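For reference, the structure is listed below as structure tokens.
The values are calculated or read from the model by the stated rules, or taken from the named source; none is laboratory data. All of these numbers come straight from a predicted model, not from anything done at the bench. Please note: Cβ atoms are built from the backbone with ideal geometry, for glycine as well, and neighbour counts cover all protein chains shown. Accessible surface is based on the protein model in full, side chains and every heavy atom, while ligands, DNA and RNA are left aside. Shrake-Rupley method; radii C 1.70, N 1.55, O 1.52, S 1.80 Å.
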Amino acid sequence: MNAAAVLPAPVPRRAGAPAAPGRALAAWQALERGIDRWTWPALNPLHHLGSMAFLCFWTLAASGIYLYAVIDTSAAGAHASIERLAAWPWFYGGWLRSVHRYAADAFVLLMGLHALREWLHGRFRAHHRFSWLTGVPLIVFAFVCGIGGFWLNWDELGQYSALATAEWLDALPGLTTPLARNFLSLDTVGDRLFSLFVFVHLGVALLMTFGLWFHIQRLPRARVVPPQPLALGLLAMFVGLATVTPVVSGPAADMTRVPAALRLDWLLLFVHPMADALSGGLAWVVLGGALAGLLWLPFMPHRREDAPAARVDPDYCSGCRRCVDDCPYAAIGMVAHPSGKPGHELAVVDAERCARCGICAGACPSATPFRSVADLQSGIDMPQLPVNTLREQLRQRLQAAPAARSIVAFRCAHVPPPACLLAPDVVAIELLCVGQLPPAFVEYALRDGAAGVLVQACAPGHCAFRDGATLLHERLHGVREPRLRPTVPRERWAMVWSGARDADAIAPILDRWRGPQSARERTPSALELST
């Protein structure tokens, strides 16, 4: 070991992350932690807003295909065919119209909460920019498609929505003839107009399908279906609502009179009363400004710490593609190796997409600390915390620890350490993300004299880099390469999530490794007693 090695400075925050969470983010995180206590982090609905919105979209697609096949889309028969459908027995799909509406409401609600959560966490800059810029237009598509669905019903609510939309479009400059007069009058409402309605509703839905696919292109292992308990619960809620409070149509549309009372869907049709209250032109300014603001967020000037992206060493990269498979933001690709050897590939990092998380370094097979070279180099590594520095840090701190057999704790920089990890006999090593840890470091620490090795990871749904904790969990349990060797004693290492339930499990694990005498003599801290 190089005795002159210098311990690294604290790990910098990831690029694009706020220096400290604001009050809104702190309140949101407190809400998530509160729900975690009741549902467990893996089943917290706030951690699956995107996948639950996807499930709503699949529900809309399945029910919409059936509804399109059985209803009449002509001007004269649309309303009557939907009324007949509502009277059919449930096994013929009579309840699907209600399920379709409730799924649409849930979709826009979950979509809004998903966008709010991403905004609060600052996930619209740097490597998040692509997903944000492809997600914002989906908000527009969702409301256009939803509003167009009311027109196909062609009851008084559909009539009001179509007229209000036409009058709102008339407020745009450049339209010489009013749309409401030319397309929505007693003489012009016919099958041709309904063909336009069908095109708006179904055409935008198809466009949205492509938009959703495009939205997740840079998110490997994107979750488009929530965990089974959440999925079944959401579908059961739709069926329950359709049974208890089915959606009913109003009177058939009549262009000779103005509807007196309407049951407005405020989630999907809020724009109509907004345009009435503000005037059409001002409503365009407000909504257009909000949309422009969302699109401008990724380009907004901000202070950031420019941590270097992952770097590839051609001399040690074997072209195994593990870093490509594990990168949470598709920032790594493969090219022909400069050596010219047939079939030999080299990893290449896109610095704009790189999240500076180090998950790729933890996946590299050359990042094992058991190599006898003095200067440990790996195929792909993080310049701010390379694997050689990590090995030197582990060696020095174990040698300098006051206890004869210390405990090593690898922890994520985004997780606050509990008081028990601040004990003198605990060697705590902070990582960019726990996914940066090569599994062989667990065995290396044990062979270097550690009594036990603890890995403190972000709870499911809380990982700043999506999959870091999950990928390391799979590596340690032999599901994913590189694997922790099965000969490593299972009772000598543990991986603990930082959720509300698992935080209390850390102290007993440390006491077990210290031995029964240490457990009796140890006095718990006030923080541990309070938890």
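Quick rundown of the values:
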item: Charge sum, other residues only, whose C-beta stays under 12 Å from ILE429's C-beta, Lys/Arg counted +1 and Asp/Glu -1; result: +2
item: Per-pair calculated FRET efficiency, R0 = 22 Å: PHE199 and THR256 via Cβ, rounded to 0.05; result: 0.25
item: Net charge over other residues, Cβ less than 11 angstrom from the Cβ of HIS272 (K, R count +1; D, E count -1); result: -3
item: Length added when fully stretched, THR245-VAL225, from 0.36 nm per residue minus Cα-Cα; result: 4.6 nm
item: The stretch 63-144: Rg to Rh, with Rh as the Kirkwood radius over Cα pairs; result: 1.18
item: Kirkwood Rh in Å, taken over all unlike Cα pairs in the stretch 9-140; result: 17.9
item: Stretch gain in nm, segment ALA61-ASP511, where the contour uses 0.36 nm per residue and the Cα spacing is subtracted; result: 156.6 nm
item: Share of pairwise Cα separations in the stretch 231-353, more than 26 Å, in percent; result: 64
item: Kirkwood Rh in Å, taken over all unlike Cα pairs in the stretch 405-510; result: 13.6
item: Computed magnitude of the charge dipole of the stretch 376-470 (debye, nearest 20; Cβ of K, R +1, Cβ of D, E -1); result: 100
item: Size of charge dipole - the chain - debye, nearest 20, with Cβ of Lys, Arg +1 and Asp, Glu -1, no other charges; result: 1540
item: Projected area, mean over directions - the stretch 363-423, Cα convex hull, nm²; result: 5.4
item: Hypothetical label at ARG371: residues of the stretch 303-338 whose amide nitrogen lies under 11 Å (7 Å Cα-Cβ projection); result: 313-318
item: Whole-number Å³ per residue for the convex hull built on Cα positions in the stretch 281-408; result: 193
item: Full-extension gain in nm, ALA26 to LEU282, via 0.36 nm per residue minus C-alpha separation; result: 88.8 nm
item: Simple spin-label estimate for GLU83 and LEU172 in nanometres, 7 Å along Cα-Cβ; result: 3.5
item: Value at 222 nm in deg cm²/dmol, rounded to 500, when DSSP H runs of n ≥ 4 in the chain each add -39,500 (n - 2.57); result: -14500 deg cm²/dmol
item: Of all accessible heavy-atom area on the chain, the percent that carbon and sulfur account for (1.4 Å); result: 63
item: Most to least packed among 447-458, 421-432 [average Cβ atoms within 10 Å]; result: 447-458, 421-432
item: Whole-number Å³ per residue for the convex hull built on Cα positions in the chain; result: 205
item: Positive-end residue, the chain charge dipole about Cα centroid, Cβ charges, pick of ILE82, GLN456, TYR160; result: GLN456
item: TYR68-GLU481 FRET efficiency (beta carbon distance; Förster radius 35 Å; 0.05 resolution); result: 0.15
item: Peptide ranges 194-203, 487-496, 100-109 listed from the most packed, as the mean C-beta count within 10 angstrom indicates; result: 100-109, 194-203, 487-496
item: Cβ-Cβ FRET estimate between PHE91 and ARG321, R0 fixed at 41 Å, reported to 0.05; result: 0.25
